[in-house]
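Undergrad: Encoded as structure tokens, here's the structure I'll be asking about.
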Amino acid sequence: MIKVKEVIQELERIAPPAYQESYDNTGLIVGDKEAEVKGVLTCLDSTEAVIEEAIATGCNLVVAHHPIVFKGLKKITGRNYVERVIIKAIQNNIAIYAIHTNLDNVYNKGVNERIGQQLGLVDTQILAPKAILKGFIAYTFDERAAKLYDELKAAGVIALHQQGHRLEGQFEVGLQTRVVGLLRAAEAHSSITEIENKATNVGAGLYGDLPEAMEEEAFLAYLKERMKVDCIKHTALRGHKIKKVALCGGAGGFLLRQAIRRKADIFITADYKYHEFFDADQNIIIADIGHFESEQFTIDLLADIISDKFSNFAVRCTAVRTNPVHYWC
Ligand SMILES: [Zn+2]
């Protein structure tokens, strides 16, 4: 018997929640983490239709990329789709788990690595690596210091030093909850600081090379086909071949500067606004392929991560196309 929390553990081993952005709401949103998993349904958006599909297919755990709830809900009466999803999930004993910007921010088995694979990119790297080491200084009671030292060491803290009741050390940001928990349990006074240390496997966006340079128009046709898009919004072509490609699933406009700095010929992302397209300024091509389209392979990615580890229950990819955007071409 596999519990919901065991599936969560595996997902969070790949993408620790500490890597999520501050506005995010990754984690178990509805449901009981002790419940037995009967089946898993993966999706980008846990819409009402997806919850109905879960009920119909006997899946009691929905694993979504986008959290259905971002902000506090004061009343849950079913007056909008978010509230209706929550009510339906609870009434049918369905758990909803979201793995969002933490999955965007990991290189291995992350959202962007999968897009890079879909495009056949080689020598891929994170576009904007995140600072991931943190440091701390803590003061505790003399009699607790030695035990706290051992606990922190066992938790994976590095550069750990103890002098009397003072301890200092460094840890990967993914360990922060654990480290803070240990410091609190020892009633330590502590301060935590960022350390300038860029990870190569954690951060936003991705860039890499095509095995062979392609003409711009040929590349756009290839992009359309590989990413299954009906239509690409892009800035003016530059008359250069495409070799270096930068990308970010979802709304990645904030990475344009890094894409230009890496000398990418094209930046593939979504959710671009009219005025932001001007920022390409002949330095790069911006290609907006749509938010759903850019992240659609995350549905298979999530199913792969779970079925690679567990074989006791069925793992399905949703058959519902949850894209709220339709095109009339
Ligand atoms: Zn997204």
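We did not get these values from a lab; they are worked out from the coordinates using the rules stated. Please read all numbers here as calculations on a predicted model, not as lab measurements. For neighbour counting, all protein chains shown are included, and Cβ atoms are generated from backbone atoms with ideal geometry for every residue, glycine included.
Undergrad: Just need the relative contact order of the chain here, percent rounded to a whole number, with Cα pairs under 8 Å and 6+ apart.
TA: RCO, the chain: 20 percent.
Undergrad: Need the C-alpha centroid separation for the range 5-27 versus the range 259-289, integer Å.
TA: 29
Undergrad: Using alpha-carbon positions, what is the distance between the centroids of the range 135-199 and the range 294-322, in Å?
TA: About 37 Å separates the Cα centre of the range 135-199 from the one of the range 294-322.
Undergrad: Continuing with the same structure: Could you run the Karplus curve 6.51 cos²θ - 1.76 cosθ + 1.60 with θ = phi - 60° over the range 132-143 and give me ³J(HN,Hα) per residue in whole Hz, x for Gly and Pro?
TA: For the range 132-143, the Karplus-derived couplings read 10, 8, 10, x, 8, 10, 9, 10, 10, 6, 3, 6 Hz, x marking Gly and Pro.
Undergrad: Sort PHE297, PHE141, PHE171, PHE277 by Cβ crowding within 10 Å, fewest neighbours at the top.
TA: PHE141, PHE277, PHE297, PHE171
Undergrad: Shifting gears a bit: Please build a GNM for the chain, connecting alpha carbons under 10 Å apart, and tell me which residue among GLY253, GLY110, GLY164 fluctuates the most.
TA: Per the Cα network of the chain with a 10 Å cutoff, GLY164 tops the list.
Undergrad: ³J(HN,Hα) across the range 236-246 via Karplus (A = 6.51, B = -1.76, C = 1.60, θ = phi - 60°), whole Hz, x for Gly/Pro?
TA: Computed from phi, the couplings for the range 236-246 are 4, 6, 10, x, 10, 6, 9, 10, 9, 10, 10 Hz.
Undergrad: Classify the range 133-196: rounded, prolate or oblate, from the alpha-carbon gyration tensor (a ≥ b ≥ c, eigenvalue square roots; a/c under 1.5 rounded; otherwise prolate if a/b is larger than b/c)?
TA: Prolate.
Undergrad: Mind pulling the angle between the C-alpha long axis of helix 81-91 and the longest principal axis of the chain? Nearest 10 degrees, somewhere in 0 to 90.
TA: The angle comes out near 50 degrees.
Undergrad: Counting only helical runs of four or more DSSP H residues, what would the 222 nm mean residue ellipticity of the chain come to if each run contributes -39,500 (n - 2.57) and the total is spread over all its residues?
TA: -9000 deg cm²/dmol
Undergrad: Now a separate question. When only C-alpha pairs under 8 Å and at least 6 residues apart count, what is the relative contact order of the range 133-196, in percent?
TA: The value is 50 percent.
Undergrad: In the chain, what % of DSSP beta bridges are antiparallel (nearest 5)?
TA: Of all bridge pairs located within the chain, approximately 60 percent are antiparallel.
Undergrad: Mind running the shape call on the range 45-176? Use the C-alpha gyration tensor, a ≥ b ≥ c as the square roots of the eigenvalues: rounded below 1.5 for a/c, prolate if a/b tops b/c, oblate otherwise.
TA: Oblate.
Undergrad: Specify whether the C-alpha gyration tensor of the chain places it in the rounded, prolate or oblate class, a ≥ b ≥ c being the square roots of the eigenvalues: rounded for a/c under 1.5, otherwise prolate if a/b is larger than b/c and oblate if not.
TA: Taking the square roots of the gyration eigenvalues as a ≥ b ≥ c, the chain is oblate.
Undergrad: Would you mind checking which residues have amide H under 5 Å from ASN60's amide H? H placed 1.01 Å from N; only 5 or more apart, or other chain.
TA: Here the answer is LYS38, GLY39, since their amide H atoms fall under 5 Å of that of ASN60.
Undergrad: As I understand it, the value is the acute angle between the Cα axis of helix 176-185 and the longest principal axis of the Cα atoms of the chain; what does it come to in degrees, rounded to 10?
TA: Long axis of 176-185 versus the principal axis of the chain: about 20 degrees.
Undergrad: Which one of LEU160, ILE99, PHE141 has its Cα pushed farthest toward the positive end of the charge dipole of the chain, where Lys and Arg give +1 and Asp and Glu give -1 at the Cβ?
TA: Of the options given, the answer is PHE141.
Undergrad: Taking the Cβ of each residue in THR200, THR124, THR42, THR47 as the centre, tally the other Cβ atoms inside 10 Å and list the residues starting with the fewest.
TA: THR200, THR124, THR47, THR42
Undergrad: By counting other Cβ atoms within 10 Å of each Cβ, how are HIS100, HIS165, HIS326, HIS234 ranked from fewest to most?
TA: Exposure proxy ranking, most exposed first: HIS326, HIS165, HIS234, HIS100.
Undergrad: Moving on. Counting only residues 5 or more places away or on other chains, whose amide H sits under 5 Å from the amide H of ILE286 once H atoms are built in the peptide plane?
TA: THR235, PHE267
Undergrad: May I ask you to derive the relative contact order of the range 71-153, considering only C-alpha pairs under 8 Å and at least 6 residues apart, and to give it as an integer percent?
TA: Once divided by the residue count of the range 71-153, the mean separation gives 10 percent.
Undergrad: So, one more: Given +1 on the Cβ of Lys and Arg, -1 on the Cβ of Asp and Glu, and no further charges, what dipole in debye does the range 205-329 carry about its Cα centre, rounded to the nearest 20?
TA: It works out to roughly 220 debye.
Undergrad: Let's see if you can work this out: charge +1 on each Lys and Arg Cβ, -1 on each Asp and Glu Cβ, no other charges. What is the dipole magnitude of the range 133-196 about its Cα centre, in debye to the nearest 20?
TA: Charge dipole of the range 133-196: 120 debye, to the nearest 20.
Undergrad: Moving on to the next point. Under the rule of at least 5 residues apart or a separate chain, name every residue whose amide H is placed under 5 Å from the amide H of ILE2.
TA: When sequence neighbours closer than 5 places are left aside, the close amide H contacts are VAL37.
Undergrad: Still on this model: Would you mind checking the tilt of helix 298-309 against the longest principal axis of the Cα atoms of the chain, expressed as 0 to 90 degrees and rounded to 10?
TA: That works out to roughly 50 degrees.
Undergrad: With 29 Å as the limit, write out which pairs from LYS3/LYS147; LYS109/LYS134; LYS130/LYS273; LYS233/LYS263; LYS33/LYS71; LYS71/LYS273 have Cα-Cα distances beyond it, or answer none.
TA: Over 29 Å apart, Cα to Cα: LYS3/LYS147.
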